[in-house]
Amino acid sequence: MSHRQLSASAVQVSYGQRAVLRGADLEIPRARRLALLGANGSGKTTLLRTLAGSLKPNGGEVLVDGVALRFDRAGLRAHRQVVQLVAQNPDDQLFAADVFRDVSFGPLNLGLAEHEVRERVAEALAVLSIEDLAERPIHELSYGQRKRVAIAGALAMQPCVMLLDEPTAGLDPQGVDEMVGALESLLRAHTTVVISTHDVEFALGWADSVAVLVDGRVRHGAPNALLSDAGLVAAARLRQPLVLQAAGLLGLEAARVTDVTGLVAAIRDQGRLAEGVA
């Protein structure tokens, strides 16, 4: 699905006198994992809503393949077939009586034939591994199940880019594992996946690249490089991942350290290098 390039150029968003985004630039890599990092209130949700076309910026542009988004009915309708946003709270998006009807709502609004709607719903439920929930009433679902149903509803629109606001928030460890599995399923379906989070440990281990929001602007790059920058992490009011803190204290190259396994490997390689020098 991910054949379109979504980007933000010099995006500015203010709420009254408070400037949230101050010229944010971001080009989202196709069919990759991007984690949008920042403290609470840094503008992560605002940027996602702007990219999705749900919020019109005060300045700058949202572009698809270099063409600026038009905030009229036709422009937004076309944009929502390319980009879908899943809110942090699934109950902000789920409203139908049961799962099948909820997931089918978007495709039906596209005016698709009934058989095509059913095919899209079945495919979306299969990607999220929730086929068994199709006939279940929404109110009987767990929080984690409701989150996955909300993602399925967005996926049924067959977007190129999925934007997910804090998808692991409020989940227990098993729920986080299930959500990670759902995100990987989206990637296997060739969908670009962007998540917002303040969990630097998760971002380091999961993302292909990270975008850090600081003072309304974006720094984008490799997870190890940006999260090893203590000044940037502090300015974003985040905390360096523990494995990168340990790598720094041990004088290790952080480029290959994304988890404890990578840290141990780097320590071993340093030991072998020291033995070779000796």
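The values are calculated or read from the model by the stated rules, or taken from the named source; none is laboratory data. Given the structure is predicted, the values throughout are model-derived calculations rather than measurements. When we count neighbours, we look across all protein chains shown, and the Cβ atoms used for this are built from the backbone with ideal geometry, even at glycine. Just so you know, the surface numbers come from the protein's heavy atoms only, side chains and all, with ligands and any DNA or RNA stripped out. Shrake-Rupley method; radii C 1.70, N 1.55, O 1.52, S 1.80 Å.
Using the structure shown, decide if L125 is modelled with pLDDT under 90 and either within 25 Å of the chain's Cα centre (by Cα) or surrounded by fewer than 14 Cβ atoms within 10 Å (Cβ to Cβ) (or both).
no
List every residue pair whose Cβ atoms sit under 8 Å apart, with the two residues 6 or more apart in sequence or on different chains, where the first one lies in the range 49-61 and is on the phi < 0 side of the Ramachandran plot and free of Cβ contacts under 8 Å to residues at least 60 places away in the same chain and the second, anywhere, is among the small types (G, A, S) and in a strand (DSSP E or B).
Filtered contacts from the range 49-61: T50/A8; N58/S14; G59/A10; G59/G23; E61/A8; E61/S9; E61/A10; E61/A68.
Out of A97, A68, report the one residue that is among the small types (G, A, S), exposed (fewer than 15 other Cβ atoms within 10 Å of the Cβ) and in contact with a Pro (Cβ under 8 Å, 6 or more places away or on another chain).
Result of the check over A97, A68: A97.
Please enumerate the residues belonging to the range 138-174 that are in a helix (DSSP H, G or I), open to solvent by less than 10 Å² (accessible area, probe 1.4 Å) and among the small types (G, A, S).
Listed by number, the residues that qualify are A150, A152, A154.
Just to be sure I understand the filter: pairs with C-beta atoms under 8 Å, separated by 6 or more residues or on different chains, first member in the range 151-173 and outside the structural domain of F95 (by the TED database), second member modelled with pLDDT under 90 and of a type in the set (S, T, N, Q). Which pairs pass?
Every condition considered, no pair remains.
Tell me yes or no: at least one residue of the range 8-15 is without any contact (Cβ under 8 Å) to a residue 60 or more places away in the chain, more than 13 Å from R219 (Cα to Cα) and surrounded by 22 or more Cβ atoms within 10 Å (Cβ to Cβ).
yes
What is the one condition in (1) among the aliphatic types (A, V, I, L, M); (2) surrounded by fewer than 22 Cβ atoms within 10 Å (Cβ to Cβ); (3) assigned to a helix (DSSP H, G or I) that L55 does not satisfy?
For L55, the exception is condition (3).
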